[in-house]
1. Out of all the residues in segment 85-106, which are in contact (Cβ under 8 Å) with a residue 60 or more places away in the chain and either within 18 Å of residue 74 (Cβ to Cβ) or loosely packed, with under 10 Cβ neighbours inside 10 Å (or both)?
2. Which of the residues belonging to segment 19-64 are touching a helix residue (DSSP H, G or I) at 6+ places or on another chain (Cβ under 8 Å) and surrounded by fewer than 11 Cβ atoms within 10 Å (Cβ to Cβ)?
3. Restricting attention to helices (runs of 4 or more DSSP H) lying wholly within segment 1-55, give those where 1 or more residues are at pLDDT 85 or above and more than 23 Å from residue 95 (Cβ to Cβ).
4. How about segment 65-84: which of its residues are surrounded by 12 or more Cβ atoms within 10 Å (Cβ to Cβ) and without any contact (Cβ under 8 Å) to a residue 40 or more places away in the chain?
5. Let me spell it out: the conditions are (1) in contact with a helix residue (DSSP H, G or I) (Cβ under 9 Å, 6 or more places away or on another chain); (2) part of a helix (DSSP H, G or I), and residue 67 meets all of them except one. Which number is the exception?
6. Are there any pairs, at least 6 apart or on different chains, whose C-beta atoms fall under 7 Å, with the first in segment 42-56 and in contact (Cβ under 8 Å) with a residue 12 or more places away in the chain and the second part of a helix (DSSP H, G or I) and surrounded by 12 or more Cβ atoms within 10 Å (Cβ to Cβ), and if so, which?
7. Output the residues belonging to segment 83-106 that are touching a helix residue (DSSP H, G or I) at 6+ places or on another chain (Cβ under 8 Å) and at pLDDT below 85.
């Protein structure tokens, strides 16, 4: 429901997961699963809504290459033993995303 109202379902859920006492590896796994399921729901919703045109699918395939590269880089750099650093980096990225989305910067 929050994602539909604000378009910010990802950051809210990520902050929720980061706030608990689970290990960084468990938090990361939960966030990845949540975002994968969210993507699947969005793809189905957009396709059923008639927004799955060929140009859109082609663009999604092209953009999936740098996304895959960044995902593999993140996987290689992730060290579960550095949980505090992981949480600090995640909070920083979320804060920057929120700040960049403020209407005062338009």
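1. 86, 87, 90, 91, 94, 97
2. Answer for segment 19-64, where residues must be touching a helix residue (DSSP H, G or I) at 6+ places or on another chain (Cβ under 8 Å) and surrounded by fewer than 11 Cβ atoms within 10 Å (Cβ to Cβ): just 20.
3. 24-48
4. 71
5. It fails just one condition, (1).
6. Taking only residues 6 or more apart or on different chains, not a single pair turns up.
7. The answer is 83, 86, 87, 90, 94, 97, 98, 99, 105.
The values are calculated or read from the model by the stated rules, or taken from the named source; none is laboratory data. Just so it is clear, the structure is predicted and the values come from calculations on it, not from any experiment. Every residue, glycine as well, gets a Cβ built from its backbone with ideal geometry; the counts of neighbours run over all protein chains shown.
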